[in-house]
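The values are calculated or read from the model by the stated rules, or taken from the named source; none is laboratory data. Because the structure is predicted, anything quoted here is derived from the model rather than measured. All Cβ positions, even for glycine, are placed from backbone atoms using ideal geometry, and neighbour counts span all protein chains on display.
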2 protein chains.
Amino acid sequence: MATGTSPARDRATLLFANETFYRAFAERDPALMDAVWAEQEPITCLHPGWPPVEGRDSVLQSWHAILTGPASPDIECLHARAGIHRDTGIVICYERIGQDYLLATNIFIRSGDGWLLVHHQSGAAPEPGEGNEPPRRSIN
Amino acid sequence: MATGTSPARDRATLLFANETFYRAFAERDPALMDAVWAEQEPITCLHPGWPPVEGRDSVLQSWHAILTGPASPDIECLHARAGIHRDTGIVICYERIGQDYLLATNIFIRSGDGWLLVHHQSGAAPEPGEGNEPPRRSIN
């Protein structure tokens, strides 16, 4: 853990980084999307139903295509939980896209006081519901 | 990076840990599956179509149910690629289950000379094929 951080602050900044990723998505902001992803580390992305996308240029191109495409979906992030393993943050959250739900894994690495995204996967999930809803506590 | 390791050795041990996870799955070996997952870190699992599973007891129970169930699927891991970010290893691979393909994210943390699994997600994927097949090079 970096000097001067606390577990609570770490989780808060990690969840903020995750929210920023979804804000870039929801607001169709390619520049913000670029800023969310790490520049100095290999990055990868598994969009649902796509083959793997890897490398910063390809990953950002894939997001630009999604953000600017005619079918660019409205998206909302729900029930985000943050887990921290040394310098790596893992956020698991639901994504609501229209009436559909996905579950996502977002992996961040620590960068100064914040976090940068190195990997995203999302895939089909059941609707969160009774007996199905993730616990509200953090996973860490 | 731990003293005495090299990037090539790191990737080899990471891919070995990933293979061990799939060996536990393919050989229906609950004890090996238990050994693959970290004990001292929070662990989570996103099985395709399931709500999130979190905590060691719940994650291992979910795997024991899969491994001992009457519909326990045959599985093969294909095209595994290893990316290392400091003390965290990310492996992306295809899973072939019968005629179906999934893509998986497996996140490991460094433990001594090896790696322990802290998170798994898999979801539906297209069949690897021309223009679709992941590059053979490592992602790191």
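General remarks:
- Tally of residues being modelled with pLDDT under 95 and either in a loop (DSSP other than H, G, I, E, B) or within 11 Å of chain B (Cβ to nearest Cβ) (or both) across the stretch A:55-74: 6
- Considering residues of the stretch A:76-97 that are among the small types (Gly, Ala, Ser) and in contact (Cβ under 8 Å) with a residue 60 or more places away in the chain only, the residue farthest from residue A:14 (Cα to Cα): A:80
- Only one of A:14, A:78 that is under 13 Å from the mean Cα position of the chain (by Cα), within 14 Å of chain B (Cβ to nearest Cβ) and not in a helix (DSSP H, G or I): A:78
- Test set (1) closer than 26 Å to residue A:120 by Cβ; (2) outside any loop (DSSP other than H, G, I, E, B); (3) out of contact with any Ser or Thr (no Cβ under 7 Å at 6 or more places or on another chain) - residue B:31 fails condition number: (1)
- Considered as a group, the residues in the stretch A:81-92 that are at the interface with chain B (Cβ under 9 Å from one of its Cβ atoms) and hydrophobic (A, V, I, L, M, F, W, C) include one that is farthest from residue B:121 (Cα to Cα), and that residue is A:84.
- Among residues of the stretch A:15-39 that are at positive phi, those with a beta-carbon under 7 Å from a residue that is surrounded by 15 or more Cβ atoms within 10 Å (Cβ to Cβ) and of a type outside the set (Ser, Thr, Tyr) at least six positions away or on a different chain give the pairs A:28/A:67.
- Subset tally (residues that are facing chain A (nearest Cβ under 10 Å), of a type outside the set (A, V, I, L, M, F, W, C) and either exposed (fewer than 14 other Cβ atoms within 10 Å of the Cβ) or touching a Pro at 6+ places or on another chain (Cβ under 8 Å) (or both)) for the stretch B:102-130: 6
- From the list B:76, B:41, B:27, B:54, the one residue that fits, being touching a strand residue (DSSP E or B) at 6+ places or on another chain (Cβ under 6 Å) and exposed (fewer than 15 other Cβ atoms within 10 Å of the Cβ), is B:76.
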